[in-house]
1. Show me, bin by bin at 5 Å from 0, the whole-percent P(r) of the range B:29-76 based on Cα pairs.
2. If N is the number of residues in the range B:391-486, what value comes out of its Cα radius of gyration divided by 2.2 N^0.38 Å?
3. Calculate for chain B the 222 nm mean residue ellipticity that helices alone would give, adding -39,500 (n - 2.57) per DSSP H run of length 4 or more and normalising by residue count, nearest 500 deg cm²/dmol.
4. Considering the alpha-carbon set of the range A:104-230 alone, what are its Rg and its Dmax in angstrom?
5. Can you pull the mean other chain C-beta count within 10 Å for peptide A:35-43?
6. Round to a whole angstrom and tell me the spacing of the C-alpha centers of the range A:408-422 and the range A:238-262.
7. Apply the a/c threshold of 1.5 to the C-alpha gyration tensor of the range A:315-356 and tell me whether it is rounded, prolate or oblate.
8. If I take the Cα coordinates of the range A:359-444 and project them onto the principal axes, what are the three extents in Å, biggest first?
């Protein structure tokens, strides 16, 4: 197939959009801002879900399901929360259509107006905390460790496939605890789970950090986050974990009887990652030939393509291919034998490169004679002849997949290193931001005014205050006021 | 714990509602008609999902995701479809809230009215076929075998947990084929997948049948279904598979270039099961002590409870319990050791009975001395002493779980047999329906008028025309007109 991808270096944004569509990951739907996640894209998301779900369960969480709709009055119960979400929500006002009397089609039935409008959930804190009120009476009922896989809707004006869509898929964890300390530990634990998932599975190095007050989740006392860097030097927030204090417990009157016989408000957290991670995955590793997938998240890890001229050559190749697929299955590697006779090998090579299959094996008649196969790596686009007698094929392939996983991570890690610059003056800040991009590590005076001013002037925002930052006396890069440590600035998705 | 369940024989409906709540399966939410699926209930749904998803993939289907919202105009494109769904749909008319000027809270912003209203999907044929138009050009693109796990909304006026809720979770398969024959085979295949799932996993015998024209899905040419019988003698439709003909292809102009160079409309199917299956599962097997779960869908298959008076007895019991749990894990059995010291054994026994854990093991100090354990079956409420030296515990437990799975199925199968009555006169029809209930196998003249009339008079509907019915000349039980075979009537959920 002809890939017809724009060059990443020439138009990163167009390259991304076209790649998402051409690799069959997602497309825009007829509904404004809503995407269709296509089967291939969805199969990657399913792999992400499976790993995350396992990690949530291993840390003691259970899944549940809460309503799609939120009564308008619920949203208003937490003051900052409603302020954060009111401007971008889909509102259900009626529950019936009817035929227009003039025969012009169906119209909304004015007699079927709801007494109270319903909001399509932009996030579920309110409806969940209204439920927790009934679930929590005593310290014995705590902690509540619940997660939900769901769709949510935020009425975004400018949307982009995976990165910012009106409807998106996500998981949202909502936990309730007896003590502040426990809730804080949970907030940190889940941020670390996200970081581990990003690094170990997505091969995506992330900075663990804390949001500034103005970038906090609406209704949280503290927001932890993981921040990643894309290949164009822009940052992407890949997951957040919020310490909610007692804000939602107070808004929904969730109290518990303590061991000592008192009555106290519960402490809460919430945390989420979404299909946005698909965008991060694509942008972090892919190239002009298409998608580059970390083996641990690739739906197909190895594709085998027969190379033959005469049909009678095919049988022996097929036999060998099936043998290899079976060997690989035994060690948990997913292989696919692409024996479609409607496409030529070259076309198939291009297609599987576009779709990011980590390893490609080609087998021809001469290979059968020689006891060899050709193995090509997607990440480096290198090929090698492999002698089947030299070691078990499953050992070879698993070693290569591990190497690719590590290598993709290292490449992204080194790139981020190169693209993280300490800047110490305002001129330097502007110059690096414009000419190089990436993370700018700079002193900041700690005020929301300066943060806002820098954003207005440069579009760079404080991505986070890294959790591992050094205490270091300095002066704010913009105001010259004193600072005790550096924060990370970047332009961001 | 005190179960406080009403007796099933005295008030079946109340028994069901209370059981769903007390066994921590689901509860009503603050949003009219929408339920909260609680962690324990959701863990059963997850097991159902996993098995169904595996079966869909084994039959060649992939998952994808389509938008929650459907433009109003889309719904109208297929005439019967809109007629079927317009009366019960949630309509989004605005996309923003704002603060009321009088300070009374947030209100819908009248300036944020949508040009075209959006319907929260009641089912996704329209939005999916509008997408398929772009996915299908040639016979090479067919078949399209896609499934979606999603939430849908139908504005039901009278709701009941799991059985009929405004929002529910389901899967909907949507396939497109080159020939009528292929689409028909797919329709039948998926009905059979549902039947196999119901019988093998839910231990629920079902009748495979065809809906009458008036009970068909809105927009289908043919609807196949599986029908189950609940313990109160009412029927429950447990899954449907629709042959859509070319109706949606024509409504959304989905054509393909044939191998021979022609241009033809595509043939379609759709099929779905929902969280309604949870209702069926609960109502089919449970009793006055609570839930009875088939082992294959039980989140916890074996619970071990220590029986001790002095704390120093506990250590040895715990060691033995952990040993057993580890043995069971090796053979894929999920065990839980319930060593909570906040509850007494009797309370725990009652709780695990209520929650339908198939097997309970009790271990006390004397058991340790004798090398025995006590094993209790949830379905029969019988106990036995088991000598650990007699055979491996994992063999014993897997054999018992298999036996329970089979036994629950047989019980339901026999019950259905007893509750299926051939009736040959109108008086008999009315008498059996009122005094016994269950399935009434009767001749029907094949007209929608008679079907409607019988429904008005008795509330019994034709559940299906069984696929395996015998050709048999007879006369309609109501009109006396000729008939060629029996159909199944019942009152239904």
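1. 5, 15, 12, 14, 19, 19, 13, 4, 0
2. Working: Rg = 19.1 Å, N = 96, 2.2 N^0.38 = 12.5 Å.
Here the Cα radius of gyration is 1.53 times the empirical estimate.
3. Numbers: 14 runs with 172 residues, N = 493.
That comes out to -11000 deg cm²/dmol.
4. When restricted to Cα atoms, the range A:104-230 yields Rg and Dmax of 18.7, 61 Å.
5. 6
6. If you average the Cα positions of each part, the centres end up 39 Å apart.
7. It comes out oblate by the Cα gyration axes.
8. Extents along the principal axes, in whole Å: 67, 21, 12.
Computed from the coordinates by the stated procedures, all read-outs in this text should not be read as laboratory data. Every value quoted in this text rests on a predicted model; they were computed, and no experiment measured them. Cβ coordinates were reconstructed from backbone atoms using ideal geometry, including for glycine residues, and neighbour counts include every protein chain displayed.
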